[in-house]
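Only one structure is covered here, and it is reproduced in the block below.
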Amino acid sequence: MPQHIDLITVLDQVAPIIAQNSTWLDATDGFIGENFDLLKEHGVFSALVPTEYGGGGATHTEMAEFIRELAHACPSTALTLSMHSHLVSAAVANDRAGRPGRALLEKVSSGQVILVSTGANDWLASNGSAVKVEGGYQVTAFKPFASGSPKGDMMVTSVSYDDPIDGPLVLHFPLPMSTDGVSLLGDWQTLGMRATGSQTVKIDGAFVPEAAIALKRPRNGFHPAFSVILTVAMPLIMSAYTGAAEKIAEMALERSHTKSELNYVLAGELINLLETARMARKGMIDLCNDFEFTPSEQLASDVLVHKTVCADHVTKVASKAMEVAGGLSFMRKNGIERFFRDLQGARFHPLPEKRQQLFTGRVALGLEPVETAQPVLQAAE
């Protein structure tokens, strides 16, 4: 019988090793592949899978804490792990609610399968296209921001499909990275989070069996599945950024040698910003409630509000830390500028601030979260 994983012990064992390579990976546009190998050895990729399915039985809260602490050592490793973990979390939430999820969980636990999320740039409409062929679909797409793709075993992705009967749809499905027609474009040269390997995945005519389609939904409108995804994903993703914010604040305070009332005020501002980010993150974790939640548009809106507050404040922490540490923060050898760059990525995860405010405002006023395109009426002949 699989044992409940002790993520605290795992963290103590892996974090010092992961931290050693973190600066070098950033400087060379390297990838955290060896870090992922280490996490796999310790069963981290199946940690969230229930023990009855062969996993580690970790709670959502435990994984959020693990990711936050791991970000102190390497933000790129923590963020990439969060992308895998939120897909596993969605499967756990769905399985608990009687929806499909068990098959993916058993696949992950059977071989520490690493999942790659391609949803960040898709949102509701999804890019790419599918053509119906015998037994399934032929799929073509470009999927950027595919974190962990060089080590990934399976993408969890989606494409648009114009169904001759049901109209514009989006198909959701897992796709092995080894599938013919799947390739990596090697285009991840970035300001921050350089070691996540979040390059574009090219899907060129890959075959997806009909049996692999996990969900078919209308292309227009907000689907309930996203209430689940947002609720489990945002706490994990923002845990990586909160952990990075904690580390940059710690480094800035250590390097602040100016003894003046002004610098004391700056340090106080830094602590206030960090604590606000922490509170927003905790609010998201509480909303997820270790998978004991009822998906709804209001819940999705609440999670997104917390995400925006957290993202806004971790980026403000990054700027304030530079100010507290002064000119020393501009030098690479002190490490602060790297965490500053990594933290800029927080603003780009779904939903960016203005889109979140539009979403939340519509929900607050009793409207659909997103505007649904109206069908074009044909003039009578």
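The values are calculated or read from the model by the stated rules, or taken from the named source; none is laboratory data. Because the structure is a prediction, the values reported are computed rather than measured. Positions of Cβ are generated from backbone atoms using ideal geometry, with glycine treated the same way; all protein chains shown enter the neighbour counts.
General remarks:
- Inclusion of Leu266 among residues that are part of a helix (DSSP H, G or I), at pLDDT 95 or above and either surrounded by 15 or more Cβ atoms within 10 Å (Cβ to Cβ) or hydrophobic (A, V, I, L, M, F, W, C) (or both) is warranted.
- Segment 18-48: number of residues that are part of a loop (DSSP other than H, G, I, E, B) and aromatic (Phe, Trp, Tyr): 1
- Matching option when the condition is surrounded by fewer than 24 Cβ atoms within 10 Å (Cβ to Cβ), assigned by TED's automatic domain parsing to the domain that holds Gly30 and in contact (Cβ under 8 Å) with a residue 60 or more places away in the chain, among Glu65, Glu52: Glu65
- Flag for Ser147 being part of a loop (DSSP other than H, G, I, E, B) and within 22 Å of Asp342 (Cβ to Cβ): yes
- Scope segment 94-135; condition part of a helix (DSSP H, G or I) and of a type in the set (D, E, K, R); matching residues: Asp95, Arg96, Arg102, Glu106, Lys107
- Verdict on Tyr241 being among the aromatic types (Phe, Trp, Tyr), over 28 Å from Ser129 (Cα atoms) and either in the same structural domain as Val156 (by TED's automatic domain parsing) or without any contact (Cβ under 8 Å) to a residue 40 or more places away in the chain (or both): no
- Evaluation of Ser22 against (1) touching a Leu at 6+ places or on another chain (Cβ under 8 Å); (2) modelled with pLDDT under 95; (3) hydroxyl-bearing (Ser, Thr, Tyr) (one fails), failing number: (1)
- Filter result for His257 (out of contact with any strand residue (DSSP E or B) (no Cβ under 7 Å at 6 or more places or on another chain) and at pLDDT below 95): yes
- Candidates Ser76, Ser22, Ser110, filtered to the one that is within 22 Å of Trp188 (Cα to Cα), out of contact with any Lys or Arg (no Cβ under 6 Å at 6 or more places or on another chain), surrounded by fewer than 24 Cβ atoms within 10 Å (Cβ to Cβ) and polar (S, T, N, Q): Ser22
- Some residue of segment 282-290 being among the β-branched types (Val, Ile, Thr), in a helix (DSSP H, G or I) and not assigned by TED's automatic domain parsing to the domain that holds Ala97: yes
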